[in-house]
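Colleague: What follows is a structure written as structure tokens; I'll ask about it next.
The values are calculated or read from the model by the stated rules, or taken from the named source; none is laboratory data. Everything numeric in this text was worked out from a predicted model, so none of it was measured. Ideal geometry is used to build each Cβ from the backbone, glycine not excepted, and the neighbour counts take in all protein chains shown. In case anyone asks, the SASA skips ligands and DNA or RNA and just uses the protein heavy atoms, side chains included. Shrake-Rupley method; radii C 1.70, N 1.55, O 1.52, S 1.80 Å.
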Amino acid sequence: MEQEPRRTRTSEAFFGRRRGKAIRPYQAEALESGLARLGIDLGVAAPADLRTMFEAAVSKVRLEIGFGGGEHLRHIAANNPDDGFIGVEPFVNGMAKMAAALGENPLANIRLYDEDATELLDWLPEASLDGIDLLYPDPWRKKKHWKRRFVSPVNLDRFARVMKSGAKFRFASDIDTYVNWTLQHCRAHAAFEWQAADAADWHTPYEGWTRTRYEAKAIRENRTPAYLTFVRV
């Protein structure tokens, strides 16, 4: 059995396994060709203006961390053709599914990164993003694993560095302990302000939202999703 490469950065602990079931040949081909065309190379300097990274002419650039199979990212990119989207997903099977879907229905306003999101965040220029989405991240339910949750003081510092003033950080989860964790960490961080007037605000899906299979499963199992929005001040 192929061994996973040894992790060399503590930040890599924020995500779990890299591979699931063996991907199909057409997915492997789509993955290779998709990343060759859309993948981001951190070995070269980041452009001062991220909008130049896209095939389409875009006015804003947003980031989605951990897009799973890519349903939400493809939906929002298709419905916002004037915005550029960077999608990060280190899970090979999810990235392969995304690459195959984009091979069948290309979107000129998407770029992809298949490694640790913290590496990408450290590569990006200051004040270069118009928004960050972290949707249904791994909750790391056991208390001893909470240090592996992506929302942390160090990662919020990373967010604050790359987000423009007024940019939005959106966090969705069906795990109440992680929702509370995120609220506590973001409200304790000077760079972020929670946007909610009442409970309805954080139980109402975002405008233009599309329900993923994961969210549909959570609702079937009587877990209530929360949709938090924080503004970079």
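Colleague: Pop out the Kirkwood hydrodynamic radius of the chain from its pairwise C-alpha distances, inverse of mean 1/r, in Å to one decimal. Can you show the working numbers first?
Modeller: Numbers: mean 1/r = 0.0547 Å⁻¹.
So the Kirkwood estimate lands at 18.3 Å.
Colleague: Here's something else I'd like to know. For the chain, set up a Gaussian network in which alpha carbons nearer than 10 Å are linked by springs, and say which option among Tyr26, Tyr178, Tyr136 fluctuates the most.
Modeller: Evaluated over the chain, the most mobile residue of the options is Tyr26.
Colleague: Something else now. Return the sequence-ordered ³J(HN,Hα) values of the stretch 132-148 in whole Hz as given by the Karplus equation 6.51 cos²θ - 1.76 cosθ + 1.60 applied to θ = phi - 60°, using x for Gly and Pro.
Modeller: Result, rounded to whole Hz: 10, 10, 10, 10, 6, x, 4, x, 6, 4, 6, 4, 5, 9, 4, 5, 8.
Colleague: Follow-up question, since we're still on this one. Where both residues lie in the chain, what percent of DSSP beta bridges are antiparallel, nearest 5? Display every interim value, and only then the final one.
Modeller: Numbers: 9 of 30 bridges.
Beta bridges within the chain, antiparallel portion: roughly 30 percent.
Colleague: How big is the stretch 125-233 by Rg and Dmax over its Cα atoms, in Å?
Modeller: 13.8, 41
Colleague: Sticking with this one: Quick one: give the max-minus-min coordinate of the C-alpha atoms of the stretch 11-149 along each principal axis, largest first, in Å.
Modeller: Taking max minus min along each principal axis of the Cα atoms, the stretch 11-149 gives 45, 38, 30 Å.
Colleague: Distance between Cα centroids, the stretch 142-195 to the stretch 201-216: provide it in whole Å.
Modeller: If you average the Cα positions of each part, the centres end up 18 Å apart.
Colleague: Using a 1.4 Å probe and counting only protein heavy atoms, arrange Ile76, Ile23 so the residue with the most accessible area comes first. Don't skip to the end; give the middle numbers.
Modeller: Details: Ile76 15, Ile23 50 Å².
Most to least solvent-accessible, the answer reads Ile23, Ile76.
Colleague: Using a 1.4 Å probe and counting only protein heavy atoms, arrange Arg220, Arg74, Arg141 so the residue with the most accessible area comes first. Don't skip to the end; give the middle numbers.
Modeller: Numbers: Arg220 170, Arg74 60, Arg141 145 Å².
The ordering from most to least exposed comes out as Arg220, Arg141, Arg74.
Colleague: Please identify every one of the GluC sites (Glu not before Pro) in the stretch 182-222 that sits in a loop by DSSP and has no more than 10 other beta carbons within 10 Å of its own beta carbon.
Modeller: Answer by residue number: Glu207, Glu221.
Colleague: Here's something else I'd like to know. Students sometimes get this wrong: rank Lys142, Lys60, Lys21 by accessible area, probe 1.4 Å, all chains present, largest first.
Modeller: Numbers: Lys142 125, Lys60 95, Lys21 175 Å².
The ranking, largest first, comes out as Lys21, Lys142, Lys60.
Colleague: I've got another one for you. For Tyr136, list long-range residues whose amide hydrogen, built 1.01 Å from N in the peptide plane, is under 5 Å from its own amide hydrogen.
Modeller: Excluding prolines and chain starts, which carry no amide H, the hits are Ala172, Ser173.
Colleague: OK, next. Which pairs break 26 Å Cα to Cα here: Lys60/Lys147; Lys60/Lys217; Lys143/Lys217; Lys143/Lys168? Could you put the intermediate results ahead of the total?
Modeller: Details: Lys60/Lys147 32 Å; Lys60/Lys217 32 Å; Lys143/Lys217 24 Å; Lys143/Lys168 28 Å.
Lys60/Lys147; Lys60/Lys217; Lys143/Lys168, as the Cα separations exceed 26 Å there.
Colleague: Name the aspartates and glutamates eligible as straight-distance cross-link partners of Lys164: C-alpha to C-alpha under 16 Å, and not fewer than 8 places from it in the same chain.
Modeller: Correct list for Lys164: Asp49, Glu64, Asp83, Asp122, Glu126, Asp130, Asp133, Glu193.
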